[in-house]
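Chemist: One structure follows; several queries about it will come next.
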Amino acid sequence: DTTRSTALSSGPQKKGTIRLLKESYDLFDHNLLALAKTVVVVVVPLIAYYWFLTSSILPPEFMNRMTLQDPAALAKFMLIVIGSAFLTVSALSLYHIALLCILKAAEEGGKLTTFAAYRRAWAQLPAYSSISSLVALKLALWSLLFVIPGLIFGLLYSLSNVVFLIDGTKGAAALVESKRLIKANPGIALWNLTVMLVLVALAWFLADVL
């Protein structure tokens, strides 16, 4: 208890980018099977759904009929697009929550099965979705002023859902805490974000080339 209270009073430990990348890699490497199962639960059904959608529900002949002269086909198409977008966002949100639940349990020395992770994710989805909606609304309003304010507040609010999943902070309080954490170390946050974007872009480039 004394050690824990001392660690909390000294504040969060700052780590360099290389150390963060190494610890992240080790965490993923040690829990690769559980994380792979978490991906499969979402990716395989989504691929099957979109394959069925494009081959059976929206075949090429249907797409050719979809004009303003055929309002029924257009209305059906719009309903399918909205429903598919909702399904995809919900599935990816569940995946993100389950992923962080598994990593959090591993970081704390425990172990969480894929089923247990998604069960927790389902329970946390409403609060997670409300935070995501609040962030999207605020970013849309700030972007109306100009693109740069939208980008700045996008960075400030980027940890909102992580704050909720790690600490349980809900609603607007999660946005406030995310903003506080980013403003405490803006240079480090921007640098780490830039490094991650470069690595993701490089991975996409190599995957395309190879």
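Chemist: Taking Y118 as meeting all but one of (1) part of a loop (DSSP other than H, G, I, E, B); (2) within 23 Å of V41 (Cβ to Cβ); (3) open to solvent by less than 50 Å² (accessible area, probe 1.4 Å), write down the number of the exception.
Modeler: (1)
Chemist: Could you look through segment 76-135, keep only residues that are in contact with a Phe, Trp or Tyr (Cβ under 8 Å, 6 or more places away or on another chain) and among the hydroxyl-bearing types (S, T, Y), and pick out the one that is nearest to V163 (Cα to Cα)?
Modeler: Y128
Chemist: If the requirement is being open to solvent by 50 Å² or more (accessible area, probe 1.4 Å) and touching a Leu at 6+ places or on another chain (Cβ under 8 Å), which of these qualifies: L137, L175, L159?
Modeler: Of L137, L175, L159, the one residue that is open to solvent by 50 Å² or more (accessible area, probe 1.4 Å) and touching a Leu at 6+ places or on another chain (Cβ under 8 Å) is L159.
Chemist: A follow-up question, please. List pairs: first in segment 97-123 and under 11 Å from T38 (Cα atoms), second open to solvent by 60 Å² or more (accessible area, probe 1.4 Å), Cβ under 7 Å, 6+ apart or cross-chain?
Modeler: Partner pairs satisfying both residue conditions: C101/R120; T114/K37; T114/V41; Y118/V41.
Chemist: Related question: Considering each of S132, S143 in turn, give the residue that is of a type in the set (S, T, N, Q), part of a helix (DSSP H, G or I) and over 13 Å from S93 (Cα atoms).
Modeler: One residue alone meets the criteria, S143.
Chemist: Is it true that L92 is under 24 Å from V42 (Cα atoms), aliphatic (A, V, I, L, M) and open to solvent by 70 Å² or more (accessible area, probe 1.4 Å)?
Modeler: Here the answer is yes, as L92 does meet what is asked.
Chemist: Here is a check on your reading of the model: is I188 in a helix (DSSP H, G or I), surrounded by fewer than 17 Cβ atoms within 10 Å (Cβ to Cβ), in contact (Cβ under 8 Å) with a residue 24 or more places away in the chain and not charged (D, E, K, R)?
Modeler: Spelling it out, I188 is indeed in a helix (DSSP H, G or I), surrounded by fewer than 17 Cβ atoms within 10 Å (Cβ to Cβ), in contact (Cβ under 8 Å) with a residue 24 or more places away in the chain and not charged (D, E, K, R).
Chemist: Additional query: If I filter segment 67-84 for residues that are closer than 30 Å to L199 by Cβ and either touching a Leu at 6+ places or on another chain (Cβ under 6 Å) or at pLDDT 65 or above (or both), do I get at least one hit?
Modeler: Checked against the condition, which is being closer than 30 Å to L199 by Cβ and either touching a Leu at 6+ places or on another chain (Cβ under 6 Å) or at pLDDT 65 or above (or both), segment 67-84 yields at least one hit.
Chemist: Sticking with this structure for a sec: What are the pairs with Cβ atoms under 7 angstrom where one residue, in segment 12-40, is modelled with pLDDT of 70 or more and the other, located anywhere, is polar (S, T, N, Q) and surrounded by 11 or more Cβ atoms within 10 Å (Cβ to Cβ)? Sequence gap at least six, or different chains.
Modeler: L20/N192; A34/T114; K37/T114; T38/T114
Chemist: I would also like to ask the following. Can you tell me which residue in segment 100-111 is surrounded by the fewest Cβ atoms within 10 Å (Cβ to Cβ), limited to those that are in contact with a helix residue (DSSP H, G or I) (Cβ under 7 Å, 6 or more places away or on another chain) and within 21 Å of T169 (Cβ to Cβ)?
Modeler: E107
The values are calculated or read from the model by the stated rules, or taken from the named source; none is laboratory data. Because the structure is predicted, anything quoted here is derived from the model rather than measured. Please note: Cβ atoms are built from the backbone with ideal geometry, for glycine as well, and neighbour counts cover all protein chains shown. Side chains are part of the model used for accessible areas, which takes the heavy atoms of the whole protein and leaves out ligands, DNA and RNA. Shrake-Rupley method; radii C 1.70, N 1.55, O 1.52, S 1.80 Å.
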